[in-house]
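Trainee: Just passing along the structure, written as structure tokens.
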Amino acid sequence: MAYSLPLAAFYLKEFSKMQLYSTQKQSKEVSFQQAIFQGLPPDNGLYVPKQVPTLPASFFDNIESLSLPEIAIEVTKALLGDEIPEADLERCVRTAINFDAPVKKLDEQVYVQELFHGPTLAFKDFGARFMAQLMGYWQTKQATDASATQTQDIHILVATSGDTGGAVAQGFYQVPGIKVVVLYPAGKVSPIQEKQFSTLGENVTAIAIDGTFDDCQKLVKQAFLNDELRNQLPLSSANSINISRLIPQSFYYFYAYAQLKHLGKKLVFTVPSGNLGNLCGGLLAQQMGLPVHGFVSATNKNNVFPQFLQSGEFTPHPSFATISNAMDVGNPSNFARIKEWLGDDYQAFEGKITGKYYNDEETKETIKKVFAHSQYVLDPHSAIGYRATQEYLANKDDDIVGVFLSTAHPAKFLEVVEQTIGQKLPIPEKLQEVMDNPNKNLTMSNSFEEFKAYLMKAFAEA
Ligand SMILES: *Cc1c(COP(=O)(O)O)cnc(C)c1O
């Protein structure tokens with residue numbers, strides 16, 4: 001569609017390049033390009049943008065006529081300024097955000113936004129695909145600029161307990177200048193999850209480690225700390241705290257508003273939460289001017305953040321295993337960003353972010369109830385979002401509507417969902433396709449020497 005607000009011009013005057021600082025305030029400020037390749041600042045804080053631009057009223061006046069990619073392009077341009085030429089930026093965003101995020105009505109005041117229409121059927125596709133496109137852009141550019149000397153492929157190491165590996169592997173699949181190595185605990189991820197990263201091949205190598213998820217994480221950490229490896233092989237991570245994974249998680253909040261603006265009601269978003277990256281995406285959108293009345297952060301039994309909202313005490317603990325396992329986080333890593341934005345005093349959070357948490361029984365009960373009532377099938381993470389929204393709205397006026405983010409397709413959690421509703425689920429085509437492909441993974445012990453030898457050999461062959 002023809003859409004030509006002079007937004008780019010507006011920002012070039014005000015704001016030409018994103019600068020980021022560390023929440024620990026020790027490391028120096030960096031550009032977005034530096035932050036995306038570095039991941040973490042050297043002082044172990046998290047990068048946050050120094051200035052967050054406010055989108056002009058004209059953007060919000062016309063937002064209902066924009067598609068999700070069109071919104072994503074405007075938001076990215078506003079944030080990144082002229083760090084990437086406009087045509088390249090548009091191409092990256094359109095390639096990354098090539099699926100929809102529809103909002104559907106479930107109850108009188110309750111709406112669901114489905115974030116699971118990407119290739120791996122979970123919202124992590126937004127972050128991983130956006131990050132992959134931008135990294136790929138800079139790798140290709142570097143290869144062209146330095147035509148004489150050969151540029152090296154970057155190796156991205158990622159340890160996964162299930163969901164992240166698939167999103168990262170598929171996001172970076174066939175992206176030039178980048179190789180991905182996914183480490184996962186052999187036999188400890190679901191067959192569907194394993195298929196999503198181990199059947200790809202080409203620039204994606206999956207390694208089944210004879211050990212636990214913690215062993216996989218340790219191998220990745222050891223590789224980053226190993227001087228010999230680091231000197232020879234450009235390594236990077238696709239960690240969820242990378243700023244480039246956070247920015248695209250703001251797009252769909254704007255898009256939900258675009259879809260519900262005609263109601264003329266106040267909007268509250270419920271975010272099923274683990275590391276709080278998704279919630280940070282919403283807070284970023286709000287800072288850019290999105291009219292959000294409030295957020296509900298909903299967790300499972302790993303309720304460190306809701307506890308903080310209640311008491312002011314932030315008490316990390318080893319994580320508990322639950323049926324909503326992508327939220328089994330005992331020390332949410334994005335908390336530092338939230339404090340940076342909202343301040344240290346938890347009372348300042350009141351009315352802005354409400355915490356709720358539920359156990360596995362309550363989660364299953366909710367899946368069952370919603371299915372019986374509206375034939376809508378929720379995955380365990382989204383069920384927690386639904387229940388928190390219902391309870392939040394119970395004592396509120398009817399000028400508020402609640403939107404909960406559905407973070408995964410129910411077929412990704414097939415066993416527990418089918419058991420709970422007592423019915424078979426149809427398997428979406430995207431999942432069926434990978435299920436039919438053969439696994440191409442390597443297998444290794446959990447010894448660092450073996451992993452290091454593999455990486456050195458990969459380097460020698462590159
Ligand atoms: C990662 C994930 C979450 C938690 O998101 P955070 O950004 O870590 O808070 C929730 N649901 C699903 C399905 C996920 O994969």
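Trainee: Kindly indicate which of PHE37, PHE60 is in a helix (DSSP H, G or I), at pLDDT 95 or above, more than 16 Å from the ligand (Cβ to nearest atom) and open to solvent by 10 Å² or more (accessible area, probe 1.4 Å).
Mentor: PHE60
Trainee: Here's something else I'd like to know. Can you name the residue in segment 249-258 that is open to solvent by less than 10 Å² (accessible area, probe 1.4 Å) and hydroxyl-bearing (Ser, Thr, Tyr) and, of all such residues, is farthest from ARG129 (Cα to Cα)?
Mentor: Applying the filter and picking the extreme gives TYR253.
Trainee: Kindly provide the set of residues from segment 310-319 that are farther than 21 Å from SER382 by Cβ and within 16 Å of the ligand (Cβ to nearest atom), ordered by number.
Mentor: Answer for segment 310-319, where residues must be farther than 21 Å from SER382 by Cβ and within 16 Å of the ligand (Cβ to nearest atom): PHE314, PRO316.
Trainee: Would you check if there is a residue in segment 177-186 being open to solvent by less than 10 Å² (accessible area, probe 1.4 Å), of a type outside the set (A, V, I, L, M) and in contact with a Gly (Cβ under 7 Å, 6 or more places away or on another chain)?
Mentor: Yes: one or more hits.
Trainee: Can you tell me which residue within segment 109-122, out of those that are open to solvent by less than 30 Å² (accessible area, probe 1.4 Å) and out of contact with any strand residue (DSSP E or B) (no Cβ under 7 Å at 6 or more places or on another chain), is nearest to ALA72 (Cα to Cα)?
Mentor: Of everything passing the filter in segment 109-122, GLY118 is nearest to ALA72 (Cα to Cα).
Trainee: What do you reckon, is LEU233 away from the ligand (no atom under 13 Å from the Cβ), over 16 Å from the mean Cα position of the chain (by Cα) and open to solvent by less than 20 Å² (accessible area, probe 1.4 Å)? Working first, answer last.
Mentor: Values: away from the ligand (no atom under 13 Å from the Cβ): yes; over 16 Å from the mean Cα position of the chain (by Cα): yes; open to solvent by less than 20 Å² (accessible area, probe 1.4 Å): yes.
Yes: the conditions hold for LEU233.
Trainee: If you don't mind, another one. Just to be sure, is PHE320 outside any helix (DSSP H, G or I), at pLDDT below 95 and either under 30 Å from TRP138 (Cα atoms) or not small (Gly, Ala, Ser) (or both)? Reasoning before the result, please.
Mentor: Working: outside any helix (DSSP H, G or I): yes; at pLDDT below 95: yes; either under 30 Å from TRP138 (Cα atoms) or not small (Gly, Ala, Ser) (or both): yes.
Yes.
Trainee: Can you pull out the residues in segment 37-59 that are closer than 23 Å to PHE254 by Cα and out of contact with any Phe, Trp or Tyr (no Cβ under 8 Å at 6 or more places or on another chain)? Steps first, answer last, please.
Mentor: Applying the first criterion (closer than 23 Å to PHE254 by Cα) to segment 37-59 yields 47-59.
Within segment 37-59, PRO49, VAL52, THR54, LEU55, ALA57, SER58, PHE59 qualify.
Trainee: Would you please name the residue that is nearest to the ligand (Cβ to nearest atom), looking only at residues in segment 320-363 that are aliphatic (A, V, I, L, M), in contact (Cβ under 8 Å) with a residue 60 or more places away in the chain and open to solvent by 20 Å² or more (accessible area, probe 1.4 Å)?
Mentor: ALA326
Trainee: Another one. Just to be sure before I move on: is LEU106 at pLDDT 95 or above, surrounded by 22 or more Cβ atoms within 10 Å (Cβ to Cβ) and away from the ligand (no atom under 16 Å from the Cβ) in the structure I sent? Before the answer, list the steps.
Mentor: Numbers: at pLDDT 95 or above: yes; surrounded by 22 or more Cβ atoms within 10 Å (Cβ to Cβ): no; away from the ligand (no atom under 16 Å from the Cβ): yes.
So LEU106 fails the test.
Trainee: Shifting gears a bit: Inside segment 77-103, can you point out the residues that are in contact (Cβ under 8 Å) with a residue 40 or more places away in the chain and more than 22 Å from GLN33 (Cβ to Cβ)?
Mentor: Correct list: ALA101, PRO102, VAL103.
Trainee: Could you list, in sequence order, the residues of segment 421-439 that are basic (Lys, Arg) and surrounded by 14 or more Cβ atoms within 10 Å (Cβ to Cβ)? Please lay out each step first, then the result.
Mentor: As a first pass, look at segment 421-439 and keep what is basic (Lys, Arg): 424, 430.
Within segment 421-439, just LYS430 meets the criteria.
Trainee: Which number in (1) more than 16 Å from the ligand (Cβ to nearest atom); (2) in contact (Cβ under 8 Å) with a residue 24 or more places away in the chain; (3) not small (Gly, Ala, Ser) marks the one condition that LEU279 misses?
Mentor: With (1) more than 16 Å from the ligand (Cβ to nearest atom); (2) in contact (Cβ under 8 Å) with a residue 24 or more places away in the chain; (3) not small (Gly, Ala, Ser) applied to LEU279, the lone miss is (1).
Trainee: Here's a follow-up. Suppose we keep only residues that are among the polar types (S, T, N, Q) and within 13 Å of the ligand (Cβ to nearest atom) within segment 259-276. Which one would you say is surrounded by the most Cβ atoms within 10 Å (Cβ to Cβ)?
Mentor: SER273
Trainee: Restricting segment 287-307 to residues that are within 16 Å of the ligand (Cβ to nearest atom) and open to solvent by 10 Å² or more (accessible area, probe 1.4 Å), which is nearest to LYS396 (Cα to Cα)?
Mentor: If we take residues in segment 287-307 being within 16 Å of the ligand (Cβ to nearest atom) and open to solvent by 10 Å² or more (accessible area, probe 1.4 Å), then GLN307 is nearest to LYS396 (Cα to Cα).
Trainee: Somewhere in segment 369-385, is a residue polar (S, T, N, Q), more than 16 Å from the ligand (Cβ to nearest atom), in contact (Cβ under 8 Å) with a residue 60 or more places away in the chain and open to solvent by 50 Å² or more (accessible area, probe 1.4 Å)?
Mentor: Within segment 369-385, not a single residue is polar (S, T, N, Q), more than 16 Å from the ligand (Cβ to nearest atom), in contact (Cβ under 8 Å) with a residue 60 or more places away in the chain and open to solvent by 50 Å² or more (accessible area, probe 1.4 Å).
Trainee: Ok, one more. Would you say PHE251 is closer than 30 Å to GLU64 by Cβ and outside any helix (DSSP H, G or I)?
Mentor: For PHE251, the condition - closer than 30 Å to GLU64 by Cβ and outside any helix (DSSP H, G or I) - is not met.
Trainee: Go through segment 187-210 and report how many residues are surrounded by fewer than 19 Cβ atoms within 10 Å (Cβ to Cβ) and more than 16 Å from ALA458 (Cβ to Cβ).
Mentor: So the count comes out to 5.
Trainee: Looking at (1) of a type in the set (A, V, I, L, M); (2) within 14 Å of the ligand (Cβ to nearest atom); (3) not in a loop (DSSP other than H, G, I, E, B), which is the one condition that is false for ALA256?
Mentor: Exception for ALA256: condition (2).
Trainee: Quick check on this structure: which one of THR23, THR54 is among the hydroxyl-bearing types (Ser, Thr, Tyr) and touching a Lys or Arg at 6+ places or on another chain (Cβ under 7 Å)?
Mentor: THR23
The values are calculated or read from the model by the stated rules, or taken from the named source; none is laboratory data. Bear in mind the structure is a predicted one, so any value in this text is a computation, not a measurement. Cβ coordinates were reconstructed from backbone atoms using ideal geometry, including for glycine residues, and neighbour counts include every protein chain displayed. Calculation scope for accessible area: heavy atoms of the full protein, side chains included, ligands and nucleic acids excluded. Shrake-Rupley method; radii C 1.70, N 1.55, O 1.52, S 1.80 Å.
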